[in-house]
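Take this structure first; my questions come after.
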Amino acid sequence: MLEKSLATLFALLILATLINRFLVWRLPERKGGEVTLRIRTWWGIVICFSLVISGPRWMTLTFFALISFLALKEYCTLISVHFPRWLYWGIPLNYLLIGFNCFELFLLFIPLAGFLILATWRVLVGDPSGFLHTVSAIFCGWIMTVFALSHAAWLLMLPTTNIQGGALLVLFLLALTESNDIAQYLWGKSCGRRKVVPKVSPGKTLEGLMGGVITTMIASLIIGPLLTPLDTLQALLAGLLIGISGFCGDVVMSAIKRDIGVKDSGKLLPGHGGLLDRIDSLIFTAPVFFYFIRYCCY
């Protein structure tokens with residue numbers, strides 16, 4: 001099933017590439033445009049993801065750890081506070097806890113131990129000025145890019161009936177998260193009227209949100225029974241939760257960027273902006289979907 005799912009991804013990407021080539025041929029001014037850059041970037045993302053998700057579990061965990069590192073590093077370039085390098089060691093420790101299936105320690109490591117260590121370090125520096133801003137800004141980045149995001153990796157550790165079960169859960173989460181982003185964008189562009197959060201993200205509309213959530217629920221209903229142990233009702237609910245939480249992740253990251261005063265979080269992914277721009281929805285959908293499926297099916 002994993003191989004068929006990945007083959008479907010490549011087929012869709014090939015179709016998108018051919019359509020874009022045709023449009024470039026018909027409209028030469030589109031050559032090298034944003035859509036072309038996005039498709040080229042998606043090729044790299046899909047190839048890399050396919051190699052990683054098809055490999056052994058340690059390879060997938062290492063991949064997610066690398067994503068957390070790059071995301072945290074990108075976040076640190078955005079905030080105007082000193083981020084001590086030794087805090088990066090929390091990333092491999094966090095993913096080692098996942099690899100050894102230490103769920104209780106995982107729940108305590110960053111949210112509790114990480115906060116206590118971070119706050120104590122800031123006190124020992126000796127300068128109390130900016131204490132609250134520094135600790136809260138760093139802790140927020142740590143929670144988002146490491147703790148929350150790593151719940152996607154936890155899907156690999158759930159007991160399944162076949163060796164590829166965890167990888168299929170990850171694939172399901174990523175497919176619905178990206179589908180939700182695309183659907184909300186398309187619905188918003190086509191029939192969006194009423195703004196949801198105009199001061200944070202003017203392009204977000206109620207019609208786009210509702211259309212995206214409904215589309216995600218339908219997609220979940222179709223592929224849920226194929227990739228997950230969810231029944232019909234659970235698949236619909238999973239789609240609803242992923243649709244809403246994905247929207248929340250998007251607008252929260254938009255609020256952070258507006259507070260800092262930047263449009264994109266970086267330039268790592270041509271046509272997409274930074275890594276945080278690509279995974280902002282996943283930061284919220286990963287923990288929501290993990291706890292939903294863990295308590296519903298395991």
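The values are calculated or read from the model by the stated rules, or taken from the named source; none is laboratory data. Predicted, not measured: the structure shown is a model, and the values here were computed from it. Here the Cβ is made from the backbone with ideal geometry for all residues, glycine too, and neighbour counts use every protein chain on show.
Of all residues in the range 257-279 being within 16 Å of the chain's Cα centre (by Cα) and in a helix (DSSP H, G or I), which is surrounded by the most Cβ atoms within 10 Å (Cβ to Cβ)?
Restricting attention to the range 257-279, the residues satisfying the condition of being within 16 Å of the chain's Cα centre (by Cα) are 264-266, 268-269, 272-279.
Add one more test, that the residue is in a helix (DSSP H, G or I), and what stays is 275-279.
Details: L275: 21, L276: 24, D277: 20, R278: 20, I279: 26.
Only one residue fits best here, namely I279.
Which helices (runs of 4 or more DSSP H) sit wholly inside the range 150-242 and have at least 3 residues that are of a type in the set (V, I, T)? So that I can check it myself, show each step before the final result.
Values: elements: 151-154, 165-191, 206-227.
Per the criteria, 165-191, 206-227.
Kindly check whether there is at least one residue in the range 228-238 that is closer than 15 Å to V288 by Cα and small (G, A, S).
Checking the range 228-238: at least one residue is closer than 15 Å to V288 by Cα and small (G, A, S).
Conditions tested, residue by residue: (1) modelled with pLDDT under 90; (2) in contact with a Cys (Cβ under 9 Å, 6 or more places away or on another chain); (3) of a type in the set (F, W, Y).
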site	(1), (2), (3)
L118	no, no, no
S136	no, no, no
W142	no, no, yes
L149	no, no, no
A152	no, no, no
A167	yes, no, no
F172	no, no, yes
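If the Cβ limit is 8 Å and pairs must be 6+ apart or interchain, which residue in the range 94-122 that is in a helix (DSSP H, G or I) pairs with which residue that is charged (D, E, K, R)?
G99/R57
In this structure, is Y75 in a helix (DSSP H, G or I), modelled with pLDDT under 95 and either among the small types (G, A, S) or buried (at least 17 other Cβ atoms within 10 Å of the Cβ) (or both)?
Against the criterion (in a helix (DSSP H, G or I), modelled with pLDDT under 95 and either among the small types (G, A, S) or buried (at least 17 other Cβ atoms within 10 Å of the Cβ) (or both)), Y75 qualifies.
In addition: Would a scan of the range 110-130 turn up a residue that is closer than 23 Å to L282 by Cα and exposed (fewer than 13 other Cβ atoms within 10 Å of the Cβ)? Before you say what the answer is, go through the steps one by one.
Going through the range 110-130, the residues closer than 23 Å to L282 by Cα turn out to be 110-112, 114-115.
Among the residues that remain, those that are also exposed (fewer than 13 other Cβ atoms within 10 Å of the Cβ) are: 112.
So far as the range 110-130 goes, yes, one or more of its residues are closer than 23 Å to L282 by Cα and exposed (fewer than 13 other Cβ atoms within 10 Å of the Cβ).
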